[in-house]
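Report on the structure given below.
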């Protein structure tokens, strides 16, 4: 990895796992609760062992974050091992007597024997297996959660689901959730989390549970296949110029480092070995002034570079090497045949492997994103990412104007639309005209959730129309789906105005017409609203400080900034 570096430390039954992630930009919103949600997902899945009943993984952020935002310094994390209470003497750090029950019989398929020979631990293989254990992946998931938070800031989401366990095959997202697989991998993963095996439908889940139950009866373990999907990617991450910069090579390196992962395939990589070239590749078309592909057999990567399609990679996990019905091995102390050592184990950990794989994919993609944008600060990454997102477009697309009420979105938007030769849409006015009621009345009758639903519906319709300059209500940007739709069809511009200046601009009638400002001190209420929505507003591709500028000057400044994000396919007519 080039911009991000991570290290983990700790043993399976030691006091804790430690993790350090260096290279996150300053200003990234990050809370322990977001990391804990990912850790809980790793513990999902039918067929898990007794360890999952003991551990309730929670992270402690030890460094790199202040007041909910990263500092740019290394992120330090700690996850305590609750099971350590049962191993304090045997896993003591201080000098002491040898373990009364050393592990002397290696398990076929595990790191026991090669690790013991390499590091001179044949007198007690526990010195190997404690670190080689997949328990270490809990910290990878925690560090990956931070990488996911960074990617999410730019509309990139990572998810996974189980495609096969043993001989029991499940259906793919193309059959059950095609929109999620193309546009919202995170929601696809949440859908999978609702099933016992993290498959995508009840029939697949039932088949997989039956396969695991049969393995339990046979005292066996089972492997399988998981598929990781990444949506919201744009072209340009990775490079073709050197082997170690190719994004597929970097992903393969990370994914094959996960314990028990033995093979992978991008897109239709395996199937493409049996078809003609004309069947293997994805035709390119110009559709809606944007370069698109008619299929995704490449899995979102061409020439070692992301191509703007969803990234799709399928992983094969072997059955776990601690088999309850032990395999033949050799006792290293007595040098005689002996049944392999048996540790507490899962029958099947394929559902968890998908969550771990998500983390590794997120770390690699976050690293490539930072490499492409030079991101020491989150806000400094916005413009270069916007340029990458717009690179495959032959026309600018929609221009969305964001900001709190009173920042001049409508006044500047009308002038901007005229200069760009585009229609102008005021989203609030459009909602009022359709509902034949004022925003205040809609709030009173529907409540804020009901109004936000109308707002989301109106935004979806606008995004499906011909490109326009769109002035959004202040709360329209407080949902992930809104950003996903806007980034798919255009560019976002934040009009920045100090709260005191906004309060000065707004008349009493304008304040009363806005339900969230009416009543009480408008400046105080406005300050609270801006603080609540700040993290959403900060996602904008471009920012314009409007203090002291006329609407004409604001519109002119926006035109200049828009030229900076236009891709090479846009005709230079203005």
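Looking at region 450-468, is at least one residue in contact with a helix residue (DSSP H, G or I) (Cβ under 8 Å, 6 or more places away or on another chain), outside the structural domain of residue 184 (by TED's automatic domain parsing) and under 22 Å from residue 551 (Cα atoms)?
Yes, the conditions are met somewhere in region 450-468.
Given the structure, is residue 286 touching a strand residue (DSSP E or B) at 6+ places or on another chain (Cβ under 8 Å), in a strand (DSSP E or B) and over 30 Å from residue 374 (Cα atoms)? Reasoning before the result, please.
On the way: touching a strand residue (DSSP E or B) at 6+ places or on another chain (Cβ under 8 Å): yes; in a strand (DSSP E or B): yes; over 30 Å from residue 374 (Cα atoms): yes.
For residue 286, the condition - touching a strand residue (DSSP E or B) at 6+ places or on another chain (Cβ under 8 Å), in a strand (DSSP E or B) and over 30 Å from residue 374 (Cα atoms) - is met.
Please enumerate the residues belonging to region 539-555 that are surrounded by 17 or more Cβ atoms within 10 Å (Cβ to Cβ) and either out of contact with any strand residue (DSSP E or B) (no Cβ under 8 Å at 6 or more places or on another chain) or within 18 Å of residue 384 (Cα to Cα) (or both). Lay out the reasoning, then the answer.
As a first pass, look at region 539-555 and keep what is surrounded by 17 or more Cβ atoms within 10 Å (Cβ to Cβ): 539-544, 546, 549, 551, 554-555.
Scanning region 539-555 gives 539, 540, 541, 542, 543, 544, 549, 551, 555.
Of these, 311, 320, which one is surrounded by 15 or more Cβ atoms within 10 Å (Cβ to Cβ), in contact with a strand residue (DSSP E or B) (Cβ under 9 Å, 6 or more places away or on another chain), in contact (Cβ under 8 Å) with a residue 12 or more places away in the chain and farther than 29 Å from residue 282 by Cβ? If you could, list the steps in order and put the result at the bottom.
Numbers: 311 fails: farther than 29 Å from residue 282 by Cβ.
Result of the check over 311, 320: 320.
Is it true that residue 128 is more than 24 Å from the chain's Cα centre (by Cα) and assigned to a helix (DSSP H, G or I)? Steps first, please.
Numbers: more than 24 Å from the chain's Cα centre (by Cα): yes; assigned to a helix (DSSP H, G or I): yes.
Judged against the criteria, residue 128 is a match.
Of all residues in region 293-303, count the ones that are touching a residue at least 60 places away in the same chain (Cβ under 8 Å) and either over 19 Å from residue 388 (Cβ atoms) or surrounded by fewer than 19 Cβ atoms within 10 Å (Cβ to Cβ) (or both). Before you say what the answer is, go through the steps one by one.
Taking region 293-303 first, the residues touching a residue at least 60 places away in the same chain (Cβ under 8 Å) are 300-301, 303.
The next check asks that each one be either over 19 Å from residue 388 (Cβ atoms) or surrounded by fewer than 19 Cβ atoms within 10 Å (Cβ to Cβ) (or both); those that pass are 303.
Result for region 293-303: 1.
Taking the condition outside the structural domain of residue 148 (by TED's automatic domain parsing) and modelled with pLDDT of 95 or more, does residue 351 pass?
Working: outside the structural domain of residue 148 (by TED's automatic domain parsing): no; modelled with pLDDT of 95 or more: yes.
Answer is no for this residue.
Considering only region 516-538, I want to know if a residue exists there that is at pLDDT 80 or above, touching a helix residue (DSSP H, G or I) at 6+ places or on another chain (Cβ under 6 Å), surrounded by fewer than 17 Cβ atoms within 10 Å (Cβ to Cβ) and not in a helix (DSSP H, G or I).
So far as region 516-538 goes, no, none of its residues is at pLDDT 80 or above, touching a helix residue (DSSP H, G or I) at 6+ places or on another chain (Cβ under 6 Å), surrounded by fewer than 17 Cβ atoms within 10 Å (Cβ to Cβ) and not in a helix (DSSP H, G or I).
Name the residue, out of 36, 83, 112, 101, that is out of contact with any helix residue (DSSP H, G or I) (no Cβ under 8 Å at 6 or more places or on another chain) and within 30 Å of residue 215 (Cβ to Cβ).
Working: 36 fails: within 30 Å of residue 215 (Cβ to Cβ); 83 fails: out of contact with any helix residue (DSSP H, G or I) (no Cβ under 8 Å at 6 or more places or on another chain); 112 fails: out of contact with any helix residue (DSSP H, G or I) (no Cβ under 8 Å at 6 or more places or on another chain).
None of the others qualify; the one that does is 101.
Would you confirm, using the coordinates I've provided, whether residue 149 is under 21 Å from residue 16 (Cα atoms) and in contact (Cβ under 8 Å) with a residue 24 or more places away in the chain? Walk me through it before giving the result.
Working: under 21 Å from residue 16 (Cα atoms): no; in contact (Cβ under 8 Å) with a residue 24 or more places away in the chain: yes.
No.
Yes or no: residue 288 surrounded by fewer than 20 Cβ atoms within 10 Å (Cβ to Cβ), modelled with pLDDT under 95 and touching a helix residue (DSSP H, G or I) at 6+ places or on another chain (Cβ under 9 Å)?
It is true that residue 288 is surrounded by fewer than 20 Cβ atoms within 10 Å (Cβ to Cβ), modelled with pLDDT under 95 and touching a helix residue (DSSP H, G or I) at 6+ places or on another chain (Cβ under 9 Å).
Here are some residues: 385, 399, 364. Which one is within 28 Å of the chain's Cα centre (by Cα), closer than 24 Å to residue 551 by Cα and crowded, with 19+ Cβ neighbours inside 10 Å?
Working: 385 fails: closer than 24 Å to residue 551 by Cα; 364 fails: closer than 24 Å to residue 551 by Cα.
Within the list 385, 399, 364, the selection yields 399.
Failed condition for residue 24, given (1) closer than 23 Å to residue 153 by Cβ; (2) without any contact (Cβ under 8 Å) to a residue 60 or more places away in the chain, with all others met?
Result: residue 24 passes all but (2).
If residue 88 passes every condition in (1) crowded, with 18+ Cβ neighbours inside 10 Å; (2) farther than 27 Å from residue 350 by Cβ but one, which one does it miss?
If we test residue 88 against (1) crowded, with 18+ Cβ neighbours inside 10 Å; (2) farther than 27 Å from residue 350 by Cβ, just (1) comes out false.
The values are calculated or read from the model by the stated rules, or taken from the named source; none is laboratory data. If you're wondering where the values come from, they're calculated on a predicted model, not measured in any experiment. Methodologically, a virtual Cβ is constructed for each residue, glycine included, from the backbone with ideal geometry; neighbour enumeration extends over all protein chains shown.
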